[in-house]
Amino acid sequence: MKRVSIVLALTALVIVATAGSAFANFGPHGAYALDTDACAGCHRAHTSFSTLTWDNAGPSGGRSALLVSSASTMQEFCYACHGDAAPGASTNVEVGIFDSGPSGADTVALGGAILYETNSTFNAGLNGGAFSGVSSMHDMDKGSVTDPMWGGGTSAPAGTDLSCISCHDVHGSSNYRLLKDSVNGVTVGGYNGSDVPQGYVFSSEEGYPSVGTGGWLKHDPGAAQMVAYRPNYTAAQYFFEPTTGSGISSPRSMSTWCSTCHTQYDNLSSNYDYGAYESDGALSRDVDGKLTVTGAANFVGDMPRHRHPVNTTVGTANTVNSFGTNAVTSTVLPLEKSAASLADPVGEYRLTDYMGCLTCHRAHGSDVTMTGWANSRLVYNGASAVNTWSVEPTTVAPVGVNPNVSSAILRADNRGVCERCHNK
C-alpha cells in the first residue's frame with residue numbers, strides 16, 4: 001500500500017493546534033462547544049477543493065464534504081493525521097503503532113505539546129491492529145472492487161466498499177471509539193430527543209462514562225466527561241452490559257455492534273451459502289489483499305453452519321483466573337469486562353467476563369501467519385458413493401481456509417486463539 005502524501009500541511013497543523021484542553025481527549029472528534037474551532041481543522045465552508053462527498057437523501061445525491069484536502073479517498077484524508085509518520089495523532093492506524101504525537105502519559109500534565117493524556121504504551125501495537133503490511137484486514141476504499149461481507153445477509157455475501165467512516169463517526173457518537181450509532185440500517189447507539197446518549201459499546205478504561213450515563217454526552221457536558229477520560233489504545237478494555245433499558249436491545253456489547261454487518265455470526269446455527277468462495281476452485285489474493293475466485297467446479301452450497309458462541313461468559317466462578325493464557329507464551333486474549341471485574345487490573349479477567357468478537361479478532365487488521373492445517377484448502381471427493389468434503393494442509397497459496405482464505409484478522413498465529421482458551 002502506498003504511503004499517503006500529505007498534500008496540505010495546513011490541515012494537520014490546524015488539527016494539532018485546535019485539539020486543546022477543551023476536548024482533553026478525542027482532539028477534533030466530538031464534544032463541540034458552541035464556539036468550537038474544531039470544524040476548521042477539516043472543513044472550509046466556501047473554499048474546499050476536495051472531491052470527496054457525503055451521501056444525503058436530497059435530490060442531488062452526494063454533496064461535497066467541504067474537506068480541506070486533495071485526498072481522493074476518505075482513508076487518505078484520515079491518514080493526514082492517522083497515517084504513518086503523519087502529524088496530528090498518536091494513533092497511527094496505517095501501520096498499527098501508538099507513536100509520537102500530541103499524547104502524554106497519565107502522569108504528564110497538559111500543556112505545551114501535550115494536548116491530551118492516555119494510558120497507552122508508546123511505540124506499542126494498537127489494539128485494533130493495522131491496515132498496511134498485514135496478512136488480513138478489513139478492506140478499505142477499493143472502489144468497485146470489493147470483498148464479500150462475510151456472514152452478511154442470509155446467503156452468498158454481497159461485496160461492500162468500506163472506508164474509515166463506514167464504522168466510525170468522525171464527529172463523535174454515543175459509543176466507544178467513535179463507533180457509529182447506526183450501521184447497515186441497524187440502530188446501535190444514538191441520542192434521544194433530550195440529547196441523552198443511548199450507547200451500545202462501552203469501555204472499562206479509566207474515566208469512561210458509566211453505563212448509567214448511556215455513553216458520551218454532547219457539547220460542554222461531553223467535554224467535561226473527557227477531562228477525566230484516559231483511553232488505552234494499546235490494550236483491550238471492553239465492557240459488556242447484559243441488561244436492557246430505555247428501549248435498547250440486549251446485550252450492549254462490541255459483538256452486538258459487529259453483528260450489524262456480520263448478521264449471522266451471533267447465531268449458533270443457521271443455513272448459509274458462500275457460493276464460489278467455498279469451493280474446490282482456485283482462490284487467491286492480489287497485492288492489496290483482494291480475494292479472487294477462478295476455476296471453481298464444486299461448491300459446498302447451502303448448508304447448516306455451526307458457530308462459536310459470543311456474548312457469553314466463559315464460566316460461573318467469580319474469581320480471577322488465567323483464562324486466555326498459554327503456558328509457553330502467556331499471551332492473554334481479551335474478554336469484555338463484567339460489572340464485577342471493572343476494578344481489576346488491565347489484562348486480568350474473571351470467569352464471569354464475556355467472550356466477544358474481539359476476544360479472538362482485531363478490528364482493523366492482523367499480521368499473524370497461517371501454516372499447516374491453518375493453511376489448508378477444501379477437497380471435494382465425488383467418486384465415493386456419498387460425495388464428501390474435507391480439508392487438507394497445503395504449503396502453497398492461498399493462505400487460510402475457505403471461504404476467507406486469509407488469517408481472518410486473528411490475534412494469534414495459526415489457531416493459537418483456540419489453544420489459549422481450550423488448553424489441549
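The values are calculated or read from the model by the stated rules, or taken from the named source; none is laboratory data. Everything numeric here is computed off the predicted structure, so don't read it as measured data. Glycine also receives a Cβ, built like all others from the backbone with ideal geometry; neighbour counts cover every protein chain displayed.
Among the residues of region 112-121, those identified as modelled with pLDDT of 75 or more and outside any loop (DSSP other than H, G, I, E, B) are GLU117, THR118. Of all residues in region 204-239, those that are without any contact (Cβ under 8 Å) to a residue 24 or more places away in the chain, buried (at least 16 other Cβ atoms within 10 Å of the Cβ) and over 14 Å from TYR191 (Cβ atoms) total 1. Any residue that is surrounded by 17 or more Cβ atoms within 10 Å (Cβ to Cβ) and among the aromatic types (Phe, Trp, Tyr) - is there at least one of those in region 357-379? Checked against the condition, which is being surrounded by 17 or more Cβ atoms within 10 Å (Cβ to Cβ) and among the aromatic types (Phe, Trp, Tyr), region 357-379 yields no hits at all. Each residue in region 252-290 was checked for being within 30 Å of THR213 (Cα to Cα) and either in a loop (DSSP other than H, G, I, E, B) or hydroxyl-bearing (Ser, Thr, Tyr) (or both), and 11 of them qualify.
Yes/no per residue for (1) hydrophobic (A, V, I, L, M, F, W, C); (2) at pLDDT below 65:
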{"site": "ALA17", "(1), (2)": "yes, yes"}
{"site": "LEU34", "(1), (2)": "yes, no"}
{"site": "ALA65", "(1), (2)": "yes, no"}
{"site": "GLY88", "(1), (2)": "no, no"}
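Take region 291-306 and flag every residue that is in a loop (DSSP other than H, G, I, E, B) and either touching an Asp or Glu at 6+ places or on another chain (Cβ under 6 Å) or modelled with pLDDT of 80 or more (or both). Once the filter is applied, which keeps residues that are in a loop (DSSP other than H, G, I, E, B) and either touching an Asp or Glu at 6+ places or on another chain (Cβ under 6 Å) or modelled with pLDDT of 80 or more (or both), region 291-306 yields ALA297, ASN298, VAL300, GLY301, ASP302. The sole residue among THR53, THR11 that is modelled with pLDDT under 50 and under 26 Å from the mean Cα position of the chain (by Cα) is THR11.
So that you can scan it fast, the table gives a plain yes or no per residue for (1) farther than 21 Å from SER210 by Cα; (2) at pLDDT 90 or above; (3) part of a loop (DSSP other than H, G, I, E, B); (4) aliphatic (A, V, I, L, M):
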residue	(1), (2), (3), (4)
VAL95	yes, yes, yes, yes
ALA109	yes, no, yes, yes
ASN123	yes, no, yes, no
PHE131	yes, yes, yes, no
GLY143	yes, no, yes, no
THR146	yes, no, yes, no
GLY153	yes, no, yes, no
GLY172	no, yes, yes, no
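Just one residue in the set ASN232, ASN184 is within 18 Å of the chain's Cα centre (by Cα) and either at pLDDT below 90 or more than 29 Å from ILE97 (Cα to Cα) (or both); that residue is ASN184.
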